[in-house]
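Accompanying notes for the structure given below.
Since every read-out is calculated from the coordinates, none of them should be taken as a lab result. Computed from a predicted model, the values in this text were never measured in an experiment. No Cβ is skipped: glycine too gets one built from the backbone with ideal geometry, and neighbour counts run over all protein chains shown.
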Amino acid sequence: MNKHKKDKIAIVTGGGSGIGLAITEKFIREGITTVIIGRDEKNLNRAKEKLGEHCYPLRGDLSDLASIPELVNTIIKQFGRIDILVNNAGINHKKDFTEVTDEEFQQVINTNLTAVFVMSREVTRHMLLQGSGSIIHISSMAAQYGLPKVIAYSASKTAIDGMTRAMAVELSPKGIRVNAIAPGFIVTAMTDAALNADPERKNKVFSRTPMGYMGTPDDIAEAAFFLAGDSSKYITGVVLPVDGGNSIGF
Ligand code: NAP
């Protein structure tokens, strides 16, 4: 039986593509009305066309921190509540450590970390009034072990794991659970092209993934649905690897 009530409202940032789109599809299939936020209107509209009336696209640039309270207010005005927040939107720059500029570093931190904080703070204010909610951050393997050439991304995702625990201890007594998912190597158009162009890296990925194959966005969506609803009602403060064993592979 569906453990989610029909009238639950979710926000999935970056829900117009990749992992966020798979999470949105799963939520809508399970009867959760889902607001997706992104900068690219075409992506958002394509998702809306595919997913139908329970998908609500909202254009917004989360790196513009000052715009976030208004985005959240728009959602509250329309739906009256927010039950689930998935902080999925993220960016990455691959570059040698010494070549990364201050601006590039800050840009990644701003989108992947500071915007997640501001979004969570604004949504939490409403969840506190409701006395319930589930917040899920999308972290990364880059927070579990050292990866070269992704310094800002690694810093941002490691901070997300710390923020998950800090938010969980403060908010769980008030009915809001906070967890993170750490996807391993997930097949998307981008990872596919990157790995096929770099056989050595591809070999490394597979050699330390005990299950021997890459995951799909749907694997992350299943975990997000589990963490969003009552099936995980006694789980808070965890960073759940969904990675075919990559984080413990030797
Ligand atoms: P993706 O397809 O590039 O999706 C990123 C999403 O974030 C896009 O929908 C993008 O929408 C949105 N976004 C980026 N900057 C934004 C901004 N300033 N404001 C609003 N939306 C913004 O990448 P993905 O692979 O699905 O990644 C999703 C999450 O999973 C990220 O947090 C990533 O770090 C994490 N992750 C992915 C993998 C993997 O193997 N794919 C592994 C570990 C972790 P717009 O461009 O329309 O703004």
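Taking amide hydrogens as modeled 1.01 Å from N in the peptide plane, which residues meet the under 5 Å criterion relative to Thr216, leaving out close sequence neighbours?
Under 5 Å from the amide H of Thr216: Val187.
If you take the square roots of the eigenvalues of the alpha-carbon gyration tensor of the stretch 96-244 and sort them as a ≥ b ≥ c, do you get rounded (a/c under 1.5), prolate (a/b over b/c) or oblate? If you can, show how the numbers build up before the last one.
Details: a/c = 2.57, a/b = 1.45, b/c = 1.77.
The shape class here is oblate.
What's the local net charge at Gly60, with K and R +1, D and E -1, over the other residues with C-beta under 13 Å away?
Working: positive: Arg39, Arg59; negative: Asp40, Glu41, Asp61, Asp64, Glu70, Glu122.
Residues close to Gly60 contribute a combined charge of -4.
Given Cβ point charges of +1 (Lys, Arg) and -1 (Asp, Glu) and nothing else, what value in debye, to the nearest 20, does the dipole of the chain about its Cα centre take? Walk me through the numbers on the way to the answer.
Numbers: 28 positive and 27 negative charges, 133 e Å.
Rounded to the nearest 20 debye, it is 640 debye.
Below 23 Å, Cα to Cα, which lysines can Lys8 reach? Residues fewer than 8 away in the same chain don't count.
Reachable lysines: Lys26, Lys48, Lys50, Lys77, Lys174, Lys233.
Assuming a ≥ b ≥ c are the square roots of the Cα gyration tensor eigenvalues, decide whether the stretch 1-64 counts as rounded (a/c under 1.5), prolate (otherwise, with a/b larger than b/c) or oblate. Can you show the working numbers first?
Details: a/c = 2.16, a/b = 1.77, b/c = 1.22.
Prolate shape, in that a/c is at least 1.5 and a/b is the bigger ratio.
What is the local net charge at Ala115, summed over the other residues whose Cβ is closer than 10 Å to its Cβ (Lys, Arg +1; Asp, Glu -1)? Mind showing how you got there, number by number?
Details: positive: none; negative: Asp61, Asp64.
So the surrounding residues net to -2.
Classify the stretch 1-130 as rounded, prolate or oblate, taking a ≥ b ≥ c as the square roots of the eigenvalues of its Cα gyration tensor: rounded when a/c is under 1.5, otherwise prolate if a/b is larger than b/c and oblate if not.
Numbers: a/c = 2.15, a/b = 1.56, b/c = 1.38.
It is prolate, given that a/c is not under 1.5 and a/b is the larger ratio.
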